[in-house]
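Here the structure is laid out as C-alpha cells; the discussion comes afterwards.
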Amino acid sequence: MNLLKISLANLKEKKLNSFLSAMLLTLGIGMISLLLLLNKQLDEQFRRNIKGIDMVVGAKGSPLQLILSSIYQIDAPTGNVPLSEVNSLKRNPFIKNVIPLSMGDNYHGFRIVGTTTKYVDHFQAKIAEGSMFSQPMEVVLGSKAAKNSALKIGDTFASSHGLDSDGDAHNDKKYKVVGIFEPTGSVVDQLVLTNLESVWEIHEHAEAPAAGVKENDPAHEEDMAEPHHEDEKQVTSALIQFRNPMGLITIPRQINENTSMQAALPSIEINRLFSLLGVGIDTLRVLALVIIVIAGVSVFISLYSSLKERKYEMALMLSMGATRTKLFLMLLMEGLLLAVTGYLAGIILSRAGLWLFGRAAEQDFHYSIREFNVLPEEIYLLAGALILGLLAAALPSLGIYRLNISRTLAEE
Amino acid sequence: MITSKNLHFSYSSQKQFSFPDISCNDKEALLILGQSGRGKTTFLHLLALLLQPDSGNIHIAGKELSGLSSTERTNIRAKNLGIIYQRAHFVSALSVLDNILLSSYLAGNKQDKEKAGYLAEQLGFAEHLHKKTTQLSQGEQQRVSIARALMNNPNVILADEPTSNLDDNNCQKVIDLLKKQSFSIGASLVVVTHDQRLKDEFPNQVFL
C-alpha cells in the first residue's frame, strides 16, 4: 500500500473519465508530435537533395514543377529544351557545373534518368557492385530501385514510356544493368541512371504515341510537339552550380529573358512550397493545442467531480493519520499519471501515423521516411504535458487544504 | 485508557456544549447514551482529537493532550485511537484488504497482511478480503471498519453509533465482536449511541 497504488486504484475506479482525459491528451500530443516528425523529415529530405544545386533550367512553365521534377523526381517535367542552349551556359564565367538531365521513361515506376557522371559525383553515389555506365543503353540502378525491381547485373529490361509503370513498353531496345549504387539517402536511390545517349537512342525512331496517352503529358511532348533532328538534341532540364553567389543575381534573369528556357532557384521554390504547406501545418498545430487544452480541462473536471464524491474519503484518510500534503501529492500523482500515459500513447500514435504516412509516401514517391527517434522538441512536449497534468490536478486538489475533517465526517 | 475533564465546546454562542467527565480504563467498555442533538458526535470528535475543546482536557494512555499542534494530534490519533463511524466509509477504489492495510500505512506502521487476515477471520469476512467494499452488506462493512480500527493496536477504540444502521441480528454480532476484540488487545472501548438496544450490553453508562 502506498500513494502510487491508491492513485492508480482511483484512476481505475473512474475508468471512463481517465480514459477520456488520457485519450484527448494522446490525440493532442500525437498530432503535434506527428507534425514535428513530418516537418523534420520532409525538411531533411528536401534540403538534402537540394544541397549544392543553385539553379535549375528547363522548359518554361511552373518553376516549382521544374524543381520538383528535376531535383526530387516527383512531378512531371515541364518539357524539353535544346541541348545546345544548355551547353551554352557552360561558357558563362559564373557557372561552375552544368548537369543535364533527360527523363521520360521508367522501369516499374522507377524513373530512368539520362545524365552524365557529374550527376553521380554530385550526390556522391558510389558503385556497390559492377561498374559505371559508359556505353549507351547501359544503366546503373539506385539501391532502392535495384532492391524493388529485383534486377541484377547483366539483366536486360525494356523501359516503359512515361513516368507511370503502365506506359507502353519500348520493346525494341533493351537496357542492360551494369552496376548498382550504394544507398545514398538521396534521390539517386530511387532512380535508374544512364547516359544521355541512351535516352536519345530510345526515342530516335519515334513511335507514334500509343492510344490512351494524355495529350499534354509532358513525357510525350518531345514525341508529339517537335520532330527529331539529329542535330537538335534535347534534354529535359539541367542542374546548375555557380562558381560564386554573384551568379544568383544576374543569371536567372538573363536566362528567363533571353532564352527559351526558364531558370528556377530551388531554395526559393522550396521555401515557397513550405510556406504553402505551413498554413495547413499551423492550422493543425493550433487544433492540436486546442485538443491538449481540452484534455487539461477534462483532467480538471474529472478530478474536481471525483474529489467532491471523495470528500468523505479524504477526511477519513486525514483522520487516520494522512497529512494534507500527502493527499495533495496523491491527487497530483493522478494528474501526472494521466499526463504521462497520454504522452506515451501520443508518441506511439505519432510513430504509427508516421509509419503509415511513410508507407504511402514510399508507394507514391519512392521516398522513405523511417526515423522514429525521439525529437528534442518532444522532450519539451513531455514537460508541457507534465505541467498541464500538474496544473489540472493541482487546482481542484488545493481544496484538500481547506477540508474540515470533523464537519465532513459528521455530515454523513 | 481515556479520561476527560470539564470538556466544553461551542460552534457558536447559541450552540454550546458542556460534556460530563468520563473515564474508561484499559479492557473496559463505556456507553455514552444521548438523544439526537445532544452533541454525541461532537463529544466523540473531541475525544478523537478531531475537534479542539474550548476548555477542559483529555488524557489518553496517561498523557495529557492539550496544547498540541495539529500534526501531533494527527499522530496520536493514528497511533492510539481506533475510530468506527456510524456508517462505514472506505476508500472505494481499494479492496477490503487494502482498506484495512491503509490504516497501518497512514499511521506509519508495518503493513501486516497476516494480521489483517487474522482479524478478517475473527470478524467473519475472510472470504471478502479481495472484494471492493461496496460489494459488502452494511453489517459486513461495519465489521471491516472494526478490523481497520484494530489494525494499529490502539489504546482506545471510539465508536460513533456503530449499530444504528444495522438490524437486530447484525447489531448483536457487531457489538459482541467490538467488546471481545477491544478486550483482547487491552483497549478501552467508548461507544457513543442513541441505540437503546445497547443499554443492557454495557455496565458503565453515561447520559448526555
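The values are calculated or read from the model by the stated rules, or taken from the named source; none is laboratory data. Quick caveat, the model's predicted, so the values are computed rather than measured. Neighbour counts run over all protein chains shown; Cβ positions are idealised from the backbone, glycine included. Remember, those area values only see protein heavy atoms, side chains included, never the ligands or the DNA or RNA. Shrake-Rupley method; radii C 1.70, N 1.55, O 1.52, S 1.80 Å.
Label reach from B:Lys27 (point 7 Å along Cα→C-beta): in segment B:119-156, amide nitrogens under 18 Å belong to B:153-156. Label reach from A:Lys126 (point 7 Å along Cα→C-beta): in segment A:44-59, amide nitrogens under 20 Å belong to A:49. Separation of the alpha carbons by more than 30 angstrom is noted, of A:Lys308/B:Lys79; A:Lys308/B:Lys199; A:Lys326/B:Lys15; A:Lys326/B:Lys132; A:Lys15/A:Lys326; A:Lys14/B:Lys40, for A:Lys308/B:Lys199; A:Lys326/B:Lys15; A:Lys14/B:Lys40. For chain A, a Gaussian network of Cα nodes joined below 10 Å ranks A:Pro82, A:Pro376, A:Pro183 by mean-square fluctuation, and the top entry is A:Pro376.
Nearest 100 Å² is fine: what is the total accessible surface buried where chains A and B meet, probe 1.4 Å?
Details: alone 20410 and 9900 Å², together 28060 Å².
Using a 1.4 Å probe, the pair buries roughly 2300 Å².
Site pair A:Asn87 and A:Asp155 shows an inter-label distance of 3.5 nm when each label is modelled 7 Å from Cα along Cα→Cβ. The charge dipole of chain A, taken about its Cα centre with unit charges on the Cβ atoms of Lys, Arg (+1), Asp and Glu (-1) only, comes to about 2820 debye.
In chain A, Cα pairs under 8 Å separated by at least six residues give a relative contact order of 27 percent.
Over segment B:2-207, what is the relative contact order in whole percent, taking alpha-carbon pairs under 8 Å and six or more residues apart?
Values: 364 pairs, mean separation 64.1, N = 206.
About 31 percent, as a whole number.
Which log10 I(q)/I(0) values does chain B give at q = 0.10, 0.11 Å⁻¹ under the Debye formula, counting every alpha carbon as one identical point scatterer? Per q value, in the given order, log10 I(q)/I(0) is -0.40, -0.49. With contacts taken as Cα pairs under 8 Å at a separation of at least 6 residues, segment B:54-156 carries a relative contact order of 38 percent. If you take all other residues with their beta carbon under 10 Å from the beta carbon of A:Ile95, and give Lys and Arg +1 and Asp and Glu -1, the sum is +3. Tell me, how many Å apart are the Cα centres for segment B:134-208 and for segment A:269-339? Segment B:134-208 and segment A:269-339 have Cα centres spaced 43 Å from each other.
Short to long, the 20 Å bins of the Cα pair-distance histogram for chain A hold 23, 38, 21, 15, 4, 0 percent of all pairs.
Compared with the direct C-alpha span, the chain from B:Lys113 to B:Thr71 gains 12.4 nm at full extension, assuming 0.36 nm per residue.
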